[in-house]
1. Please give the FRET efficiency for Val31 paired with Arg60, using the beta carbon to beta carbon distance and R0 = 25 Å, rounded to the nearest 0.05.
2. Hey, can you grab everything whose amide H is under 5 Å from the amide H of Ile333? Only 5+ residues off in sequence or another chain; H modelled, so Pro and N-termini drop out.
3. At a Cα cut-off below 15 Å, give the aspartates and glutamates reachable from Lys303, other chains included and same-chain residues fewer than 8 away excluded.
4. When the Karplus curve 6.51 cos²θ - 1.76 cosθ + 1.60 is applied with θ = phi - 60°, which whole-Hz ³J(HN,Hα) does each residue of region 431-445 get, with x for Gly and Pro?
5. Which length gain, in nm to one decimal place, applies between Lys306 and Leu239 when the Cα-Cα distance is subtracted from 0.36 nm times their residue separation?
6. Consider a paramagnetic label point 7 Å from the Cα of Lys88 along Cα→Cβ; state which residues of region 218-254 have an amide N under 16 Å from it.
7. What is the calculated FRET efficiency for Thr74 to Glu113, with r their C-beta to C-beta distance and R₀ = 30 Å, to the nearest 0.05?
8. Where in the chain lies the longest segment free of GluC sites (Glu not before Pro) that are both loop residues by DSSP (not H, G, I, E, B) and have at most 15 other Cβ atoms within 10 Å?
Amino acid sequence: MTGKQLKNSILQWAIQGKLVPQDPNDEPASVLLEKIRAEKARLVKEGKIKKDKKESIIYRGEDNSHYEKFADGTVVCIDDEIPFDVPKGWELARFGSVMYNRDSERIPLSVSERSKLSKIYDYYGASGVIDKVDKYLFDKDLLLIGEDGANLINRSTPIAYIATGKYWVNNHAHVLDCIDFVFMQYVCLYINSISLVDYVTGTAQPKMNQEKMNSILIFVPPYNEQKRILEKVDEIQPLVVRYGKNQLRLEALIKTLYTNMRKSILQEAIQGKLISQDPNDEPASVLLQRIKEEKLRLVKEGKLKKKDVVDSVIFKGDDNRYYEKVNGDTKCIDDEIPFDIPESWRWIRLSNISIVARGGSPRPIKEYITESSNGVNWIKIGDSEKGGKYINKCAEKIKPEGVSKSRLVKPGDFLLTNSMSFGRPYITNVEGCIHDGWLVISQFIPVYNTDFLFFLLSSPFAYGQFSGKTAGAVVQNLNKDKVADSFFPLPPIQEQKRIVAIMERLIKEL
C-alpha cells in the first residue's frame, strides 16, 4: 500500500464512521442540519444568498429505505445512490442544501493583467494558489473546490482546500461558505475522500458545474464527532507522510535491489570469492603460454604484425607486490592492481589476449541496403538484443565496397558500445561490419569462456576501468588503446565455467 492509498483509506474510514468511536451523548446530525436550514432561510430573507429551488431533505422511511423530499413536495427513493451504511446519529444531505455558494463574486484576471500588479495577496485557481495580486475579493475562511481540469479525475492534488486571509479567486474554483469552520473542514475532508467522476462532465476538458456539485451526497456526522474525526486525521497525518516517504524509499530499494545484488555477485565472482578453487584445474599461466605461442604463429603467417605483439607477464614478487615484465623490462605496478586474486589466476592486460579495434563509418549514405539480401551485415547498436547480451540479426546491410571503410567482425567477438552510454558489452552471433560507435574485442584463442567474459565486462570493475579511458569534450568515446591497456583477472578456464554456472543460477533466483 502506497502512502496515497493509506491516506485515502483513512479518509474512507472517516466518512463511513469507522475512524473514531461514536458517543451516544452526541447531539445527532439532524440537529445540525436543522440549524443549517434555519441559517440559510435567514440569509435568503436578508438577500445575502438566493433560494435554492432544488433544496431537499433526505430521510429514512419506515421501510428502512432512503427518500429525498423536494421543496415542491415530490418524494423519490434514492437507495440506489447510497454507497454504504453509516452509524446511528449520522444524516444524509445534498451538498447544495448544506453549503452557501459564492461563485458570483469570483472575477478572473488574465496573465497580462496580473503581470502589471504587485504580488501581495494569493490568487487562487482550480488547484490552489497560482499567482499573487495587489487586491483581494475575499477576507474570510472559505472552501474552494476546483471547477475544471484533469485533477477532477486523476486527483493528483486535493480538489478541495480552505482559503484563509485576504485573497482573490478566479472562475476555475467554486467558492463556498457554510455554518461554521468545523463543518467546513469536515466537508473539505469529505470532498477529498470521494470520487467525483459521477459529477464531472466532459472528458477532454473535465468540468464540475454548480448543479452537479450541489447534487453530491454528503454523510453528515454529529457535530462533536466531526471534531473528533478532524482531530484524529490531524494526529495521523504526520504518520501517513512518514509512511509515504518510507514506502517510496522501499520502492526505490526494490527497483535497485536486483541491480545492486547482481553487481555484488559479479564483484565476488571476478575476485575469485564466489566459489572455491580446485587445485586440479589447469592454471591460467598455461593459457597465457598458449596465447604466446598463438601470437608467434600469427606473426609467422603474416596475420599479425610483430610490432603489435606485446609479451606482458604480470606476477607477484617475493615482496608480495605486483610486477609486470614487458619485452624483458620489469616495473612495479602494485598501485595499479585493485585487488588480490587466487594463486591459480593471473592478471593480464586486455591487449595480451586479444585485439581491440574501433569500427568505421561507410559513406556515402547510398551504400546502405535495406531491402536487398546482397551485401554485408551492418551491425548497429539498435540491433542488440533488448535487455540481453547477443546480436543475432541485423536490420541493414552495406554494399561490399563499403566494407573497406568499416571493420569486419566474426561470430563470438565482443562488441563494446563506444559513445554516450559507453562500455556495454554484447556478443555478436553474426558476421558483419561495425561503425565507430563500437569497439570490438577479438580473442587470439578462447582463453576466456564467452559467458564469463560477458560477466567480466558487465561488472562494476570493468566499467570503472573503462570510465577513466574516454576522450571527447561533448560526446565521450572510449580510447581503444587505453581499453586494450586495461587490467583484467584471468581464472583457469574450468573455474570460469563453474563461475558461469553458479552466476546464472543466482541471477535466475534473483
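1. Calculated transfer efficiency: 0.95.
2. Here Tyr322, Tyr323, Glu324 satisfy the definition.
3. Leaving aside aspartates and glutamates fewer than 8 places away in the same chain, those within reach of Lys303 are Glu293, Glu294.
4. Going residue by residue, I get 8, x, 10, 10, 8, 7, x, 10, 10, 10, 10, 10, 6, 5, 9 Hz, with x marking Gly and Pro.
5. 16.9 nm
6. Only 222 pass the distance filter.
7. Numbers: r = 46 Å, r/R0 = 1.52.
Efficiency for this residue pair is about 0.05.
8. Formally, the longest exposed-site-free interval is 63-300.
None of the figures in this text is laboratory data; all of them are computed from the coordinates on show. Nothing here was measured: the structure is a model prediction, and the numbers come from that model. When we count neighbours, we look across all protein chains shown, and the Cβ atoms used for this are built from the backbone with ideal geometry, even at glycine.
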